[in-house]
1. Sort through B:Ser150, B:Ser131 and tell me the only one that's at pLDDT 80 or above and within 14 Å of chain A (Cβ to nearest Cβ).
2. Taking A:Ile134, is it surrounded by fewer than 21 Cβ atoms within 10 Å (Cβ to Cβ) and either at pLDDT below 85 or out of contact with any strand residue (DSSP E or B) (no Cβ under 7 Å at 6 or more places or on another chain) (or both)?
3. Please determine, by comparing only the residues of region A:170-184 that are among the small types (Gly, Ala, Ser) and under 17 Å from the mean Cα position of the chain (by Cα), which one is farthest from A:Phe151 (Cα to Cα).
4. Quick check on region A:141-162. Is at least one of its residues more than 19 Å from the chain's Cα centre (by Cα), touching a residue at least 24 places away in the same chain (Cβ under 8 Å) and either at positive phi or not in a helix (DSSP H, G or I) (or both)?
5. Tell me which of these A:Phe208 doesn't satisfy, since it passes every other one: (1) modelled with pLDDT under 90; (2) within 12 Å of chain B (Cβ to nearest Cβ); (3) closer than 20 Å to A:Leu83 by Cβ.
6. Examine region B:234-242 for a residue that is outside any helix (DSSP H, G or I) and not small (Gly, Ala, Ser), and state whether such a residue exists.
7. Which condition breaks for B:Tyr138 when tested against (1) surrounded by fewer than 20 Cβ atoms within 10 Å (Cβ to Cβ); (2) away from every other protein chain (no Cβ under 14 Å); (3) modelled with pLDDT of 85 or more?
8. Which one of these does B:Asp112 not meet: (1) modelled with pLDDT of 80 or more; (2) in a helix (DSSP H, G or I)?
Amino acid sequence: MSMDGQVRATHPIQFPPPFNPLPHPPQIDTQTPTTLDESIPETILRDLHSVSSKLRVVLLPSNFHQTSYEDNQTLKILKDWDLWGPLLICLGLSIVLSIDAGQNGALVFSAVFMLIWLGAGIVTLNAQLLGGSISFFQSVCVLGYCVFPLFLSAVILLIIHTFFESIILDLIVVVVAFVWSTRASVVFIGQFISEERKTLAVYPVFFFYVFLSWMILI
Amino acid sequence: MNDEDDLLLLNDTGEDSSPTLLPPISFSDPSPMSNPQQQQPLNLLPQQQQSSNLAPPSSMCWCFDLRSYQPYFNVNTSTIKTRLISSTLIHKLSSTRSPSYFLTDIIKDQPDAYGPFWITMTLVFVVGVSSNINKWIYSSEEDFESDIESLLNAMWIIYSFSFGIPLISFLALRCLGEIPGLNFITLFTLYGYSLTTYIPACLLCIIPSQTVHWLSLLIASLFSTGLIFRNLVEKIMEAEQTKSRALLGWFAGCQLIMFFVMKLVFYS
């Protein structure tokens, strides 16, 4: 430090710094497709396509007859987890239920939203604590996608309630959706847990969907 | 790669977190100047053996590390089934079993947190559902606000019984002098499993009759109190007389409050 307060460097700094060309210029990888310069509709369509393919894989009945772990196609698609699908489904369900609730819409919306994400998180943590080799976000992703049948049932109930109220019909619709959701996610979760703990890991999944079904019914 | 996605598993060493590893869990005093001969640090979870393979989680952040909870989820379906059945005191029919059968023979120093946690959640849900159905039967129109609120009410009340009472009891026991074998997790397990009998009782409370409500909740409370007292009495009696009386009074009082709260708040 000099007397007038200016900092002087102890060694001279070359200004501008000398340009040292790299011995080997970096290779631009032309093999990996870059998504940076594609058009916006293309990006959106790509994400939508990924969401819909996961929905199809998780929910269609052909999935239910798999008895072994060998279906690489299914697992390959599911490994590529994303949270857009669950977010859309969760928002959709919360909005539908808050419309149906009338004046307490805001409370219902926030309750359902929190319930879905916290519930999926707790169920996944439980599966991990029981020693399952499950990946956190992949499991949250699958549990979120499996809420889709319940979302459909909520939409159907909303439509039905504009015409008439029937508890029996409500019950039937919600029960069918609940069985569909639970079956889909149990098949997935059961693959990652050892045999003697399977019920322990499956019960929270079952309980989570029962809770959601109850929220749809009331 | 599963490990890349597991943001919650703070596994820097890159090793697999197997459920059999027992990391040390002492919640040690952060002050470096503390006298080592002072009373033991507050161990909410009991000391586990050091594992040489795994770097212990930092004692300041142990509550965020999944591995520190894994020993308490080391149970199989059959274990949970046995514990659930014996917590309803059905084994009492055979008089050859000791009073503290549950703690000594069933739990056997392997308390688990899976049972209590999910029993509490199930109870919250069952209470919410049955009290909603009750209100719906008694009133003509559906009052939606009370539906969500009653669920939230149920949640905090029942969680304070299942989590708060063991915590307060544990702290009280620490202040009054250490009773061996009664750490927080054992108390939590005991209280969690004692809530088992409330679940069928609350399911019965869907029937809209005050007599049925009072009877079923009374029977459930008796069984739950029975379980807790049979398992704690021997250990508490080892302490001094005044203290043991105070402790017994505290436990009995909590059970009584639980009974009345369950009936009056949810099924009036």
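1. B:Ser131
2. no
3. That would be A:Ala184.
4. No, that holds for no residue.
5. Among (1) modelled with pLDDT under 90; (2) within 12 Å of chain B (Cβ to nearest Cβ); (3) closer than 20 Å to A:Leu83 by Cβ, the lone unmet condition for A:Phe208 is (1).
6. yes
7. Every listed condition holds for B:Tyr138 apart from (3).
8. (2)
The values are calculated or read from the model by the stated rules, or taken from the named source; none is laboratory data. Bear in mind that the values here come from a model prediction, so they are computed numbers and not experimental data. Quick reminder, even Gly has a Cβ in these numbers, built from the backbone with ideal geometry, and neighbours come from all protein chains shown.
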